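Note sheet for the following structure.
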């Protein structure tokens with residue numbers, strides 16, 4: 001799992017670097033679409049790892065309330081199932 005996540009992070013970082021610092025870089029939608037899915041996977045895996053670590057250490061965030069993990073899991077499902085158009089629409093609201 002960690003090797004896969006590292007590869008995803010490296011790919012995303014390199015492409016971000018190209019877009020930020022290289023002249024005349026243009027990414028096509030068909031290139032970027034898989035990166036969005038990979039980024040969502042990366043964030044979901046890291047969030048799950050953080051939650052598992054907090055649980056094993058008995059750490060409870062101040063803003064945690066009963067059912068917080070269920071709500072977070074539902075958020076993860078929504079992120080994983082959202083299309084790009086839905087995500088963009090939500091951010092624009």
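All of the numbers you see were taken from the coordinates with simple rules; none came from a lab. Not measured: the values here are computed from a predicted model. Please note: Cβ atoms are built from the backbone with ideal geometry, for glycine as well, and neighbour counts cover all protein chains shown.
Brief remarks on what is shown
- For peptides 33-43, 18-28, sequence by mean Cβ density within 10 Å, most packed first: 33-43, 18-28
- Contour excess over end-to-end distance, with Cα ends at residue 18 and residue 59 and 0.36 nm allotted per residue: 10.9 nm
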